[in-house]
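Q: A single structure is presented below for examination.
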Amino acid sequence: MPIGLAKTWLPCIRSGVLAVFVVAVSLIVTGQAMAADVRPFFGRYQGALVVPNADGTEEQRDATVQIGPISKDDGFYVQWTTTSLKNDGRRKTKSYNVEFQSTERADIFAAAMKRNVFGHTVQLDPMKGEPYVWGRIVGDTLTVFSMFIGPNGDYEMQQYDRSLAEGGLDLVYSSHRNGFPRKELKTFLERQ
């Protein structure tokens, strides 16, 4: 390349590289790194699973999961409900609803489970017996983690892997206490 041409193009190349670098750094610093797209998970899903009891019997539970957007901060919610039928005919239902917000780390989402005195949503405090919850997306799997610290300092981790599958979600639930596996359940939830 002739010297005159190099002198003309070199500042342009340097400024272009510098501009790309500045944009990349500013996106990372402001927490706007490209996060995984949660929208493919949006929808309502339903299925059933078999849960083994400590006495060797099994219990069937209906399971429903709904995932959708929340209007603020490009967040989303995950709502799940399980209903079990007891031997005496009673139905026992448990429901959970957790809102998630983007964090400065791409693909990792903080649970927004209560409001502080300033009206901002914040995480719960595991030292007060409340669950510490967060989520992440890796590939086609949305995972929700919950950590509980017991009164004696033992801890329990629960993990819900919800993977996109044809016609719905593959759900894998696992729990560990003090690092040792306790339970693993798998089922398919059909998109409604």
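Q: For TRP134, TRP80, give the ranking by accessible area with the largest first, probe 1.4 Å.
A: On the way: TRP134 70, TRP80 25 Å².
Per-residue accessible area, sorted high to low, gives TRP134, TRP80.
Q: Heads up, I need the accessible area for LEU142: 1.4 angstrom probe, whole protein in place, Å², nearest 10.
A: 0
Q: Dipole size in debye (nearest 20) for region 45-192 around its Cα centre, Lys and Arg Cβ +1, Asp and Glu Cβ -1? Please report the intermediate quantities before stating the final value.
A: Numbers: 18 positive and 20 negative charges, 91 e Å.
That gives a dipole near 440 debye.
Q: Express the relative contact order of region 53-192 as a whole percentage, based on alpha carbon pairs under 8 Å and six or more residues apart in sequence. Please list the in-between numbers first.
A: On the way: 287 pairs, mean separation 15.9, N = 140.
Once divided by the residue count of region 53-192, the mean separation gives 11 percent.
Q: Roughly how many percent of the accessible protein surface of region 73-115 is carbon and sulfur, given a 1.4 Å probe and a whole-percent answer? Walk me through the numbers on the way to the answer.
A: Working: 1140 of 2790 Å².
Here it works out to 41 percent.
The values are calculated or read from the model by the stated rules, or taken from the named source; none is laboratory data. The structure displayed is predicted, hence computed values, not measured ones. Don't worry about glycine lacking a Cβ; one is built from the backbone with ideal geometry, like all the others, and counts go over all protein chains shown. To get the accessible areas, we keep the full protein, side chains included, count just its heavy atoms, and leave off ligands, DNA and RNA. Shrake-Rupley method; radii C 1.70, N 1.55, O 1.52, S 1.80 Å.
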